[in-house]
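The values are calculated or read from the model by the stated rules, or taken from the named source; none is laboratory data. Quick caveat: nothing in here was measured; it's all calculated off a predicted structure. We place every Cβ from the backbone using ideal geometry, glycine too, and count neighbours over all the protein chains shown. The accessibility values were calculated without ligands, DNA or RNA, using every heavy atom of the protein model including side chains. Shrake-Rupley method; radii C 1.70, N 1.55, O 1.52, S 1.80 Å.
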Amino acid sequence: MSNKKVFSFIELPTADLKIDAIYRWGDARDLRAEPISKLLPGCGNSKGIRVSGRYPNYKFAVLYSDFSDVNWPDLINYETGEFEYFGDNKTPGYDLHSTNGNKFLRYIFDALHTNNRSHVCPIFIFTQGESKREIIFRGLAVPGTAQTSQFNDLVAVWKTTNNARFQNYRSIFTILSVSTVSRDWIIDIQNGNPLSINCPYEWAEWIKKELYNPLQSPRTIEYRTEFEQKPSSQLNLTIVQTIIDYFAEDSYMFEKCAVEIANIMLNGAIIEYKNTPKSRDGGRDAYGKMRIGLTGNSILIDFSLEAKCYSLENGVGVKETSRLISRLKNRQFGILVTTSYVKKQAYSEIKEDGHPVIIVCAEDIAIILKSHGYSSKELVEQWLNINFTHN
């Protein structure tokens, strides 16, 4: 079997689907050159959710994202194999199920929740490549995850645009541990036989037993580079710079903001905290407790937090991280929140020595805020003004 990872337009009709392989557009300047419809005939060439077949006899589906929609931020977690994807009803004036894509999402999650998984067709995930004339195959997916309940795997969320409220779906998928989808199986799917002998074992096991076998890819390097910690897009840069500018004259107030960012990241688990005095923080800017477990059956864990509102070019070094580490006692953990990055030596020492410290860098801050609806400069400023009033 070929290990080729880049496929030209002319090769698409016979190509296999390989994880992270690049599939190139043709030379035409219109949608005739679009690659997915050549790889998977029958799904059309629109963006978003594409389905082959009509309700309820879907043959397969394609979920495509270029990750550019700041209001509906699709996200692949490569370490866990989970894919968060938003539906097609992205403008006001329409019902939640007015689009074929959202009807498809409702149908497959209903099938999952009612133990009718055989009604779920193969789902293929694609994203845009570095060039707009390339797409990348990200995997074969199934609805839901082993850890997500049916109350959370498909949720209708409200948005407001121009004072008009409307709903769209947020859905959670598992990308299965399948490295290659063969052309033979694609042909079988198109012929109405998805459980053929060419079917990937992992997909058949999910259909028959609801066994999730995610494509998990843990990091080979435990510490992140400076480049990985800095904002990865213009929007992320704008979000972080807005915070830096807001606290430029009062970095002490950023310490409260850092706790709130950490609490959002931890899904509201922080139940109490105190900020240390401005003049003598002793190596931590805040400390408190977070709750893990269910109400009535939980434990409290102590944490210490260090907050550094630095410019993007001013990294956090060993001096700052060592002060936080020195304050951690047995069964405590630390959180370092910075609007910049942690330098390589400091970051690697934390990881190599096994210190229980969570690093929240500039890129993380942007992702955390976007995931909770603060997806523009204006919305971040509004959040800051409401919660962190300057003295």
Global form of the chain, assessed from the alpha-carbon gyration tensor, a/c cut-off 1.5: prolate
Estimated inter-spin distance, N193 and I301, nm [label 7 Å along Cα→Cβ]: 5.1 nm
Qualifying aspartates and glutamates (Cα of each under 18 Å from Cα of K289; at least 8 residues distant if same chain): E255, E260, E272, D281, D302, E306
Per-residue HN-Hα couplings for the range 293-302 [Karplus 6.51, -1.76, 1.60; θ = phi - 60°; Hz; x = Gly/Pro]: x, 7, 4, x, 8, 9, 10, 9, 10, 7
CD proxy at 222 nm, helix term only [per DSSP H run n ≥ 4: -39500 (n - 2.57); per residue of the chain; nearest 500]: -8000 deg cm²/dmol
Efficiency of FRET from Cβ geometry, T225 and D245, R₀ 25 Å, rounded to 0.05: 0.50
Lysines with Cα under 21 Å of K370, excluding same-chain neighbours fewer than 8 positions away: K90, K159, K230, K256, K308
Beta bridge orientation in the chain: antiparallel %, DSSP, nearest 5: 75 percent
The chain, accessible surface, carbon-and-sulfur percent (1.4 angstrom probe): 48 percent
Residue-normalised accessible area of the chain, given per residue in Å² at a 1.4 Å probe: 51 Å²
Environment charge at I19 (Cβ cut-off 12 Å; Lys +1, Arg +1, Asp -1, Glu -1): +1
For the range 41-108: rounded, prolate or oblate by the Cα gyration tensor [a/c cutoff 1.5]: oblate
Rounded, prolate or oblate (a/c below 1.5 giving rounded, otherwise prolate when a/b exceeds b/c) for the range 245-314 by Cα gyration tensor: prolate
Contact order relative to length of the chain, as percent, for alpha carbon pairs under 8 angstrom and 6 or more apart: 13 percent
